[in-house]
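Structure below; questions to follow.
The values are calculated or read from the model by the stated rules, or taken from the named source; none is laboratory data. All of these numbers come straight from a predicted model, not from anything done at the bench. Cβ placement follows ideal geometry from the backbone for every residue including glycine, while neighbour counts extend to all protein chains displayed. Keep in mind that these areas ignore ligands, DNA and RNA; they rest on the heavy atoms of the full protein, side chains included. Shrake-Rupley method; radii C 1.70, N 1.55, O 1.52, S 1.80 Å.
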Amino acid sequence: MSLISQSARPKNEVKKTKRDEPEVEDGNEADVDALKLKKKKRGEELVIKQVKEMKKLENFLFGSLYSPDEFGKDDNQVDADDTAKGSDLFFTDRSADTVLTVYKEDAADDFSEDETDLQRKPVWVDDEEEKTTVNIAKHNRLRKLRKEEDENVISGSEYVSRLRAHHIKLNPGTDWAQVDKSKADRSSDDELTDEDVADDILRTNEDLVVKSSSKLLPGHIEYSKLVDANIQDPSNGPIHSVQFHRNAQLLLTAGLDRKLRFFQIDGKRNTKIQSIFLEDCPIRKASFLPDGSQVIISGRRKFFYSFDLVKAKVDRIGPLVGREEKSLEFFEVSPDSKLIAFVGNEGYILLVSTTTKQLVGTLKMNGTIRSLAFAEDGQHLLTAGGDGQVYHWDLRTMTCLHKGIDEGCINSTALCTSPGGSHFAAGSDSGIVNVYNREEFLGGKRKPIKTIDNLTTKVDFMKFNHDSQILAICSSMKKSSLKLIHIPSYTVFSNFPSANMSLHYPRSIDFSPGGGFMAVGSAAGKVLLYKLHHYQHA
């Protein structure tokens, strides 16, 4: 017993000494502080470890949510690798950023190389497009994609771009999608926000593809047949006049049923706005003044009518004082809206003021007068008639500047000038149309630029469109006798009218101010309406 107790006592004393050591050594307070600091460090390390575990879990679930600088800087490389593997499964969408990079230093270098390069690359590119070639002259439906008349083969990528451009031309953007152009002029030093980038992309869809040229190509003209312009109120007699108002939405029609009608043209409904019945005047011609304020109406009568669009009032004018004209059915209005030139008897041209409706002057030709046309913004007047000559008059001095023979013409039946006044066309009773350069003709050159012989009967009406790229000619003596001439190649568009198209007997033609619409009045009382796809605006 004594041996056992003696051997066990030192062991108990040792344990008591170790446990009570701080209490025995009362003077050693530094060791106590060191122990507390060590415990505090262990607690902080535990918190840091818990935070790392939390970040690791969040990165695994939601991707890299924290600064990319921390990647590769962690002491525990295993944890960083695990986190990176988790981030590969989930990522934060930074598509608004121009450069995606892991390190900030790389991003700074990329921005410094090209700060203005904001072009977005396509997601997928077909390498076969560059190797493929397409013959756009071989098929009729692809000829509209040509930029030059003699262009034949293009690459596949160019073919795709031109198809997109053609689609945009047929489906133009709307006004509400346009943004303030001042944003496009901002300095390159300005800060570019996500909204600005979106505005730049959505500003116009034409910037993303090949822009369509304003040059109209010969051969074929792209067009569509729309609802008749006067479908809501067809005429009971032949249509002798169709004309668009300068705002391009209003169209007048007039004919032998003695009614003047106005339609709002949209190509779908063509709503009728108003009609005016003139009891004592079958209408042979009706025309807007270029300023859009009045309509001049005439027939085979000694008088004519004026309709004020603002006051909605009709006034009867005539007979003209000092003249004994049996008919005032043919006339033209000057481009400055100041004069009306009527075809009179025995070669006389009657000049009437649009303001006072009084006769202000007369001009006299050697032969009978059949047709006339203004030029030079109303300062010059061209006339032609039974002697086969074309007269040029200066209305400021009331004198004849020049007269010359229209080549091959015996009786002139139609005249028209281009909007700029550089060219004029003269038609005859044999169906021949000569196109002249005005300056060369005034200089003594009698040879026309081109003689067009596609009509076989008397030329009744001719009209240039707004940019002088199309000349329309027609004859009312033969069915579907209407041709569209391409200027300056002076060739006929072979696909208009088509073989199965019936224009009846065309009597009048007009193009809308922007060129997008073409209206054709016929003897059947219909006004046919066509959309010309080359022109985007009415």
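Restricting things to Cα coordinates, could you compute the convex hull volume per residue of region 237-532 in Å³?
Per residue, the Cα convex hull of region 237-532 comes to 119 Å³.
How many percent of the alpha carbon pairs in region 351-406 exceed a separation of 14 Å?
54
Could I ask something else about it? List, in the order given, every pair from Lys302/Lys338; Lys225/Lys338; Lys302/Lys483 whose Cα-Cα distance in the structure shown is over 25 Å.
Lys225/Lys338; Lys302/Lys483
Also, I was wondering about something else. Contour minus end-to-end for Ile273 and Ser489, with contour as 0.36 nm per residue of separation and end-to-end as the Cα-Cα distance?
73.8 nm
Rolling a 1.4 angstrom probe over the protein heavy atoms, how many square angstrom per residue are accessible across region 237-532? Provide the component values of the computation, followed by the final result.
Working: 11940 Å² over 296 residues.
I get 40 Å² per residue for region 237-532.
Thr362: accessible area at probe 1.4 Å, nearest 10 Å²?
60
Amide H neighbours of His533 under 5 Å, at least 5 residues apart or on other chains, H built in the peptide plane: list them.
It is Glu222, Tyr223, Ser224, by chain and number.
Oh, and also: Could you check how much of the accessible area of region 237-532 is carbon and sulfur, as a whole percent, using a 1.4 Å probe?
47
Once you put a point 7 Å from the Cα of Ile449 and another 7 Å from the Cα of Asn247, both along the Cβ direction, what distance in nm separates them?
3.4
Here is a follow-up. Work out the P(r) tail for region 276-387: percent of alpha carbon pairs separated by more than 18 Å, whole number.
Working: 2875 of 6216 pairs.
The proportion of pairs with Cα distances above 18 Å equals 46 percent.
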